Structure formats: structure tokens, C-alpha cells
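Before any comments, here is the structure.
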Amino acid sequence: MPLPSKVETQRHIHGFTLIELLVVIAIICILASILFPVFARARENARRTSCLNNIKQMSLGMLQYSQDYDERFHGASARNTPFPGVGWAGAIYPYVKSSQVYRCPNDTNEGNSTNVPVSYAFNYYAASTALAAHQYPAMGILFSEISGTDVNVTDLLEVGSANYSAIDNGQILLWADSSGVVKCCKFGDAVYHTRGAGVLDHSKGRMDDSDEWGPQPTQPRHFNGANYAFMDGHAKWVRPQAVRSFNYSYGPVPSGHLYITASDSTGAAYYSGQ
């Protein structure tokens, strides 16, 4: 059987046309536009889960601390500040045993060689209180998300910290600088909430950026919500609209009411309206 000539072979060899190339490029672009957001969301879900695990470790560390101190939450104040709870991060380090768990992966604060970013704040109204004093521990928020504090967490008293770890009273943040001076709100604008502008109070309904001054007040860090740790040790991601001020009340919202109506003598913690 004779072999095909070189001319006959070349007749059957041809490249892509311009239209075919454009079609292939268009298909690749469409697939990329579909898949890239999916990959980005998967990456953010992984970061949110890592942060959720970190804040849960914070809550478990605080509960272990309380078992060694007559079932009371941490309440000492760094540098004798008038607010109990400031400087909590160093106190629970022997229980969490890792400086990495203090930082949320989405926290842009880098810290330095001595101080690590602490991406969470302790509930001011839980400080020094007995565990048994809280009637709804599964709803009581123990830690919320913040940014801006650099703390020497490996030292029990946080000696050498740029900022002493912060406390959260449900409306504003309080902390101390390296000299022990108490900072708050616009007077310490390097630290701010990242919980989302959804906290409710009893008077005007919903807190917004006007309630807390700072460079980036009340901005959620994970999609449109934030991670919270609770007084019973569990942690979950919560939409900011579900977070209610405990400054005046606690528990579920009764039927026919806009706000929680029950009162609690333990003070102004803030709870999740689960």
C-alpha cells in the first residue's frame, strides 16, 4: 500500500482559527469568574473556622482558670487600673499554652518579636464574677473580636506589653497602654471592635459607629458577622443583629416586645439573642 505523499499529509494538518481561540478563552474566563469567588469563600471559611477554634480555646482557658480560683472569672487589673479584667490574656496563658491562639487569621495587626496580637476582648462584666452568678451561661458572651492590641501574653502580668489585653463592656472597649494608663474609645483609637454594628441597647434600638469612635469601629471580620465565645465554653459565629446589650436585660425577647425585658443583678454583660 503506497504511503500518502507529503502534500496529502499537509492538507490534513491545520491550527486553531481565531474564532476557536476566542471561544476557548471566553470559556476559561467564565469558569474563572465562577470558581475564583468559590475559592475565596472557601479560604475565608477556613480563616473563620480557625478564628472560631482560637476564641473557643480562650473560653476554655478562662474556664480552667476559674476552676483554680474559686470558680470565678479573672478579675485582676493590670497596673492597678480601675477596671477589672484588663490584662486577662497573660493570666490564662498557662492554660492555653500557645501564643498563636490569641490571634485571628484575619487580624491585620502583626505584633512584634515580644508581643503578639490579641484579637479578642474579655467581657468586662464577667470579670471577678462567680460562674454561678450567671443565669444563662450559654447565652452570655465571654469573648468578642477586636483588633489593635499587642500583648506579651507569655508573662503572667503582661510586663513589656505595648497594650494590656482589653475588656469589652458591650458598648466600648477599655484597655491600658504600656505605662498603665487606661484607654478607651477615641482616646485610644488604635484598638477597635470587629463584631459588626448590630449590638442593641434599650433606648435607641441598634448601636452604630457613632457609639464607638476609632479608625475602624464595629466592622465585622468574617463575612457579615463575628465569632463569639460564651460563658459555658462553647463558641459560634453570630450575625451582629443577634447580639443584644445586657446592660439592662438578659434572656430571650418576650412575645410582643422589641427588647429583652428581664433584669439581672450581675450587671451589664451582653448576650446573644439566639
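The values are calculated or read from the model by the stated rules, or taken from the named source; none is laboratory data. Only a predicted model underlies this, so the values are computations on that prediction, with no experimental measurement involved. Note that each Cβ is placed from the backbone with ideal geometry, even for glycine, and that neighbours are counted across all protein chains shown.
Please go through region 105-131 and give me each residue that is out of contact with any Asp or Glu (no Cβ under 7 Å at 6 or more places or on another chain), outside any loop (DSSP other than H, G, I, E, B) and either farther than 25 Å from Ser179 by Cβ or free of Cβ contacts under 8 Å to residues at least 24 places away in the same chain (or both), ordered by number. Across region 105-131, the qualifying residues are Tyr125, Ala126. A single member of Gly225, Gly198 is over 28 Å from Ser98 (Cβ atoms) and modelled with pLDDT under 85, and it is Gly198. Summed over region 75-97, the residues that are modelled with pLDDT of 90 or more and surrounded by 13 or more Cβ atoms within 10 Å (Cβ to Cβ) give a count of 9.
Residues of region 138-172 that are of a type in the set (A, V, I, L, M, F, W, C) and within 15 Å of Trp88 (Cα to Cα): Leu142, Phe143, Ile146, Val151, Val153, Leu156, Leu157, Val159, Ala162, Ala166, Ile167. Within region 159-181, residues that are free of Cβ contacts under 8 Å to residues at least 24 places away in the same chain reach partners that are among the charged types (D, E, K, R) and in a strand (DSSP E or B) with beta carbons closer than 9 Å, at six or more positions or on different chains, in the pairs Asp177/Lys183. The set of residues from region 4-40 being modelled with pLDDT under 60 and in a helix (DSSP H, G or I) comprises Lys6, Val7, Glu8, Thr9, Gln10, Arg11. Of all the residues in region 149-176, those that are farther than 21 Å from Pro82 by Cβ and assigned to a strand (DSSP E or B) number 1. The residues on offer are Gly188, Gly160, and the sole one that is at pLDDT below 75 and either surrounded by fewer than 24 Cβ atoms within 10 Å (Cβ to Cβ) or out of contact with any Lys or Arg (no Cβ under 6 Å at 6 or more places or on another chain) (or both) is Gly188. If you filter region 57-96 down to residues that are in a helix (DSSP H, G or I), farther than 16 Å from Pro137 by Cα and of a type in the set (S, T, N, Q), you find that the one that is farthest from the chain's Cα centre (by Cα) is Asn80.
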